[in-house]
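In what follows, a single structure is set out as structure tokens and then discussed.
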Amino acid sequence: MSFYRQAFTLSLLLIACAATSAPRSAMAAHTFHTSLMSIEYNHQEQLLEISLEVYAHDLETILAKRAGKSVRLDKATDAEPLIFAYLQEAVTIQNGAGETKPLAWVGMETQTDRTWLYFESKLPEGLNGVQLRNRLFFELLADQINLVHLKDRDTKTDLIFKPGDTFKPLLDPPKS
């Protein structure tokens with residue numbers, strides 16, 4: 001999973017300017033609401049490999065709201081199915097034909113104030129025409145911003161999703 005380690009390092013550097021290693025109780029009051037998604041297309045496996053870094057507090061809050069009970073990522077053994085169910089609603093990938101591609105859960109890592117979620121989507125047709133919608137935490141936080149970084153060989157693309165945004169192409173359309 002070298003991609004995931006690279007995504008981890010990149011996301012740690014990018015988020016460091018917006019967050020500190022404050023204790024969980026201090027993070028409940030954080031004022032910067034963002035997530036960072038790193039995507040890399042694995043040509044050999046024909047997969048979108050996705051790493052998503054979120055604030056643990058935000059994830060616990062949305063899961064508790066959906067489950068109707070308190071959820072602590074560091075104590076819950078049933079958190080992963082709850083997380084994956086939420087991801088399947090909040091993150092949508094469509095191929096060039098407009099078909100929704102299913103997500104597959106890979107795993108997660110949780111630290112004091114951040115959580116990394118790993119998942120993938122089979123995409124044998126490649127990246128042409130692929131679109132993404134990332135509505136993570138929009139129903140919870142009006143100022144949520146979701147950053148997406150895509151790497152495909154020598155191509156890099158950055159997207160920003162804000163409440164009200166819909167699907168966006170992963171790759172810029174070819175210039176005519």
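The values are calculated or read from the model by the stated rules, or taken from the named source; none is laboratory data. In this text the structure is predicted, and so the values were computed from the model without any measurement. Positions of Cβ are backbone-derived with ideal geometry, glycine not excepted, and every protein chain shown enters the neighbour counts. Note: accessible area is taken over every heavy atom of the protein model, side chains too, but ligands, DNA and RNA are not part of it. Shrake-Rupley method; radii C 1.70, N 1.55, O 1.52, S 1.80 Å.
When the stretch 127-140 is filtered for residues that are open to solvent by less than 80 Å² (accessible area, probe 1.4 Å) and either among the aliphatic types (A, V, I, L, M) or on the phi < 0 side of the Ramachandran plot (or both), the ones remaining, listed by number, are Leu127, Val130, Gln131, Leu132, Arg133, Asn134, Leu136, Phe138, Leu140.
Restricting to the stretch 50-79, name every residue that is part of a helix (DSSP H, G or I), free of Cβ contacts under 8 Å to residues at least 40 places away in the same chain, charged (D, E, K, R) and open to solvent by less than 80 Å² (accessible area, probe 1.4 Å).
Filtering the stretch 50-79 down to residues part of a helix (DSSP H, G or I) leaves 56-67, 79.
The next check asks that each one be free of Cβ contacts under 8 Å to residues at least 40 places away in the same chain; those that pass are 60, 63-64, 66-67, 79.
Then drop every residue that is not charged (D, E, K, R), which leaves 60, 66.
The one that is part of a helix (DSSP H, G or I), free of Cβ contacts under 8 Å to residues at least 40 places away in the same chain, charged (D, E, K, R) and open to solvent by less than 80 Å² (accessible area, probe 1.4 Å): Glu60.
Checking each residue in the stretch 116-126 for being modelled with pLDDT of 95 or more and open to solvent by less than 60 Å² (accessible area, probe 1.4 Å) picks out Trp116, Leu117, Tyr118, Phe119, Glu120, Ser121, Leu123. For the stretch 141-162, does any single residue satisfy the condition of being surrounded by fewer than 18 Cβ atoms within 10 Å (Cβ to Cβ), assigned to a strand (DSSP E or B) and free of Cβ contacts under 8 Å to residues at least 12 places away in the same chain? Yes. For the structure I just gave you, tell me whether Glu109 is part of a loop (DSSP other than H, G, I, E, B) and either within 11 Å of the chain's Cα centre (by Cα) or of a type in the set (Asp, Glu) (or both). Against the criterion (part of a loop (DSSP other than H, G, I, E, B) and either within 11 Å of the chain's Cα centre (by Cα) or of a type in the set (Asp, Glu) (or both)), Glu109 does not qualify. Filtering Leu59, Leu150, Leu141, Leu132 for residues that are under 13 Å from the mean Cα position of the chain (by Cα) and under 19 Å from His33 (Cα atoms) leaves a single hit, Leu59.
All of Asp172, Asp154 fail the test of being over 19 Å from Gln44 (Cβ atoms) and either at pLDDT below 95 or touching a Lys or Arg at 6+ places or on another chain (Cβ under 9 Å) (or both), apart from Asp172. In the stretch 80-112, the qualifying residues are those that are over 15 Å from Lys122 (Cα atoms) and touching a strand residue (DSSP E or B) at 6+ places or on another chain (Cβ under 6 Å), and the one that is least open to solvent (accessible area, probe 1.4 Å) is Gly107. Within the stretch 62-103, being at pLDDT 95 or above and among the polar types (S, T, N, Q) holds for Gln88, Thr92, Gln94, Asn95, Thr100.
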